[in-house]
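See below for the structure under consideration.
Only the coordinates and a few stated rules stand behind these numbers; no lab work does. Predicted model only: the values in this text are computed from it and were never measured. Neighbour counts are summed over all protein chains in view; Cβ atoms, including those assigned to glycine, are modelled from backbone coordinates with ideal geometry.
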Ligand SMILES: NC(=O)c1ccc[n+]([C@@H]2O[C@H](COP(=O)([O-])OP(=O)(O)OC[C@H]3O[C@@H](n4cnc5c(N)ncnc54)[C@H](OP(=O)(O)O)[C@@H]3O)[C@@H](O)[C@H]2O)c1
């Protein structure tokens with residue numbers, strides 16, 4: 001019997017002898033494409049959370065760009081020199097979309113407080129604009145830093161929470177497979193105000209230790225949300241980065257406990 005497979009010919013006769021003749025074909029030249037270039041755009045990279053996200057991403061060797069209205073970092077650290085800073089306003093279409101060129105993933109840290117209508121615009125409309133533009137430009141993954149429900153506070157800060165939930169809804173529609181929503185409560189860490197550093201961890205860190213074991217209390221109606229543990233800004237930054245760059249990170253909403261859990265996993 002003679003079998004020919006890929007140039008290798010074998011023949012057997014009654015004595016089961018194998019013809020060892022092996023034809024070596026000339027190797028084909030295969031063009032292996034270079035690995036795709038990942039580029040991260042951090043919206044609000046000049047803010048408290050955004051600056052920690054930028055630093056973490058630069059430390060991991062990613063190509064990082066940032067967009068904000070001021071278009072620059074107020075931080076003098078060396079990592080800030082490795083970020084491509086763009087100036088633009090998410091509420092002014094046409095002023096910022098060039099920042100999306102070549103971008104593969106986006107993390108939005110844009111949000112804020114003020115009057116109800118301002119809070120809806122900055123937390124909702126500006127992020128909805130960003131999500132739509134990113135989806136049109138073919139961005140693969142989009143992480144939105146939202147916020148945990150705070151019961152009574154939801155009524156007091158109606159524009160803030162309605163804006164957050166509207167942006168979340170848009171993200172789930174436009175990025176069903178690559179959209180990640182983080183819902184932290186209070187975020188602690190070092191916040192810069194001008195040249196001053198505010199060490200918010202002094203309160204946040206011990207509170208996190210106590211409250212992470214009080215999950216059932218957080219479900220008590222009305223007062224429950226007061227027991228949601230704070231999380232560190234480095235945990236939020238790490239999980240946001242993972243959500244933006246890990247293709248198998250699950251899409252959808254990650255609550256405070258999820259942020260704590262994922263931040264402890266090696267990445
Ligand atoms: N801090 C917390 O404890 C906490 C807790 C839960 C959730 N969050 C959420 O986490 C996110 C980040 O919070 P944060 O404390 O880091 O806020 P932040 O320090 O005030 O930073 C907000 C950033 O957004 C930029 N920005 C504002 N409006 C913009 C616009 N129209 N177009 C482009 N950029 C704009 C600002 O930069 P410029 O001023 O230079 O434009 C700034 O870099 C927010 O969505 C917030 O709601 C925060």
Quiz item: Can you sort 187, 128, 101, 145 by how many other beta carbons sit within 10 Å, fewest first?
Solution: 101, 128, 187, 145
Quiz item: Ranking 196, 119 by Cβ neighbours within 10 Å, fewest first, what do you get?
Solution: 196, 119
Quiz item: Given a cut-off of 27 Å, what percent of all Cα-Cα pairs of segment 39-264 lie beyond it?
Solution: 28 percent
Quiz item: Given segment 55-129 reduced to its alpha-carbon atoms as identical point scatterers, what log10 I(q)/I(0) does the Debye formula return at q = 0.12, 0.14, 0.18 Å⁻¹?
Solution: -0.37, -0.51, -0.80
Exercise. Kindly put 43, 156, 100 in sequence by how many other C-beta atoms sit within 10 Å of each C-beta, fewest to most.
Key: 156, 100, 43
Quiz item: Just how far, in whole angstrom, is segment 127-159 from segment 83-100 if you go by their alpha carbon centroids?
Solution: 17 Å
